[in-house]
1. Does the range A:319-326 contain at least one residue that is surrounded by 19 or more Cβ atoms within 10 Å (Cβ to Cβ) and closer than 30 Å to residue A:179 by Cβ?
2. Does residue A:99 count as in contact with a Leu (Cβ under 9 Å, 6 or more places away or on another chain), acidic (Asp, Glu) and closer than 28 Å to residue A:232 by Cα?
3. From the list A:196, A:117, which one is of a type outside the set (Gly, Ala, Ser), part of a strand (DSSP E or B) and farther than 29 Å from residue B:51 by Cβ?
4. Within the range A:243-276, restricting attention to residues that are in contact with a helix residue (DSSP H, G or I) (Cβ under 9 Å, 6 or more places away or on another chain) and in a loop (DSSP other than H, G, I, E, B), which residue is farthest from residue A:300 (Cα to Cα)?
5. Just give me the residues in the range B:262-272 being facing another protein chain (nearest Cβ under 7 Å) and assigned to a helix (DSSP H, G or I), in sequence order.
6. Criterion first (hydrophobic (A, V, I, L, M, F, W, C), within 23 Å of residue B:191 (Cα to Cα), free of Cβ contacts under 8 Å to residues at least 24 places away in the same chain and facing chain A (nearest Cβ under 8 Å)) does residue B:82 satisfy it?
7. So is residue A:70 more than 7 Å from chain B (Cβ to nearest Cβ), among the polar types (S, T, N, Q), touching a residue at least 60 places away in the same chain (Cβ under 8 Å) and crowded, with 22+ Cβ neighbours inside 10 Å or not?
Amino acid sequence: MATKDIRFLQGNEACAEGALAAGCNFFGGYPISPSSEIAEYMSNRLPRIGGRFIQMEDEIASIGVVIGASLAGSKAMTATSGPGFSLMQENMGFAMMAEVPCVIVNVMRGGPSTGNPTGPSQSDVMQTKWGTHGDHPAVVISPAKISEVFGLTVKAFNFAEMLRTPVVLAIDEIIAHMREKIEIPPKRSIEVVNRPAPRKTKKAIAEYNPYVPGEDLVPPMLNYGEGARYHVTGLDHDETGFPSGKPEIMEDLNRRLLDKIAVNKDKITLFECSETNDAEILVVAYGSSARSAKRSVSDARKKGIKAGLFRAITLFPFPEKQLLKAAKKAKHVIVPEMNLGQYRYEVERVLGKGVPITGVHRVNGEPILPSLILDAIEKAGKKGAKK
Amino acid sequence: MSMDYFKYLRKERMPHIWCPGCGHGMVMKSILRGLAKLDVDPNDVCVVSGIGCSSRTPGYLDFNTLHTTHGRALPFATGVKLTRPDMKVIVVSGDGDAMAIGGNHFIHSCRRNIDITLVVFNNYIYGMTGGQVSPTTPTGQRGTTAPHGSIEQPFNVTDLAIGSGATYVGRALDVDSVAMDRVILNAMKHKGFSVVDAWSQCPTYFGRQNRLGTATQMMEQYKEVTYNVRLANKLTDEEKKGKFPVGELHKKERPEYCEEYQMLMHRLGAKA
């Protein structure tokens, strides 16, 4: 019997291992706490396996080099934290507009500005959705345990390749730096998805246009150097890739970029429900806050309170359908997060005014402890009983 | 010098956006003549640009072409080159794109000595946005954001490139296409990071605001403020004062980034 590959890894290391398992062969980055271990790990591993690692002059260059590498056929990623993530926004918009698959890891620390470089935070959540200018597609994944970081990094690459779009892995500092036991699955059991490619016949290559959408609205992609000699621009463009100022072309492009995420939404929506079937008090959480929430919910159950947890793993596109189902019996919803209520706004948008929603927030570099969420659950339970 | 430019041009993308009298087309043609001499497969050429008038060049060229964000062409090009070291990667950029917003990438690409050729279409002005001063606008000259004349000292593109570690550096004027062909071809032949400060005139904005006359008059003025670097020894300091040398200004052999990376992988036992 084959021995299991069991390791004791930090979240950042598990992320790097997951990337390699997904076929990542290019990393461009710039050091920043608390994400630097990912770059360090990749700088050691990539040149050993024929991949490329480069430390760039800043985060703008880091995402730039990643996009260039992906266009030439690499599976490419970068990793950063708040300030660097801010710098990357313009080029992330380019990758969305030009439909270049890549993975951006944002290990969240406190902000705004330099903020709290070494403390945990979830304060970039809305930036992962709305960071770059213009209407744009956002795909964001947030892990809550080390064993999950590995698989979700693989998925981040798979989603990026499948949809030809940048995918953000939003990890909070607790998950990034904590060490846990992780079993690395055997290589053959890992599903790896590659970008959709057209048939590579001479005729198909000669007639290739880079932005003719397939059935799922994702255009098949040839890499630079494969003979198609096409044009890529951040300008509004038509199916040939060349700039266009025609209103109907611009309208179609901007709508398709969002629609391609929408039609594929079920394939990329990841979530976890714990005891939500009869939950009258529903906690909605993600990342390390969801770990605390899980404990709070089980403590509340022991006290006879019908509490449940909806954990969003795919933060964006927002898991609307799934949340609505989990909140069916909810009389009160609690959203704990290490920011001042960013994801709560989304929860409010989806659940509406019919149900009271309370936030449990902390922005002082300390984690949200289970006791804080339990307090909120108990308070909500008492309010419900009075009614 | 007769060659079929349409071999490398996307005819259907014509007419181009450049104004009458603009020198950018002449620089573009010089690059094409160089590529024709190198006889590389167009499938193995990648031309990358940022934002601005000169950065529209790739759209007209029948290679793998990439029109990136403002100032960021060099990092994108670095990603292409590192992935495909066998590709010929050329970056075309303007003085604003390369020297202002892209200044950091410029100096670091020089330092890294990655095998990319950067041609700076230097017309001393932001043309696309309507004539604002750039980092190469000479002190005292006017732009729409310096209506009283620039009080800043400009960058010297070639000095900055040499100081930052570029291993091939040249300057050429669009008016002297024979000399420009030589410098651009040698830059593309060079293994390492090469920079060509290619002077191009902008009669529409730079010329008009500074009353420099027609495009041909501006080209004459370029000749007056430059001298051939091969004649440098024969000229007195007085004769060279305030003038710019043109030609091949700097050539040095130094380990190239992609080759160093290949050696690193080899040392670690990786299959390249």
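The values are calculated or read from the model by the stated rules, or taken from the named source; none is laboratory data. Please read these numbers as outputs of a predicted model, since none were measured by experiment. Positions of Cβ are generated from backbone atoms using ideal geometry, with glycine treated the same way; all protein chains shown enter the neighbour counts.
1. Yes, the conditions are met somewhere in the range A:319-326.
2. Yes: the conditions hold for residue A:99.
3. Going through A:196, A:117 in turn, the sole match is A:117.
4. Here the answer is A:244.
5. Correct list: B:264, B:265.
6. Answer is no for this residue.
7. No; evaluated as a whole, the condition is false for this residue.
Yes/no per residue for (1) within 21 Å of residue B:55 (Cα to Cα); (2) surrounded by fewer than 24 Cβ atoms within 10 Å (Cβ to Cβ); (3) not basic (Lys, Arg):
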site	(1), (2), (3)
B:128	yes, yes, yes
B:138	no, yes, yes
B:148	no, yes, yes
B:181	yes, yes, yes
B:184	yes, no, yes
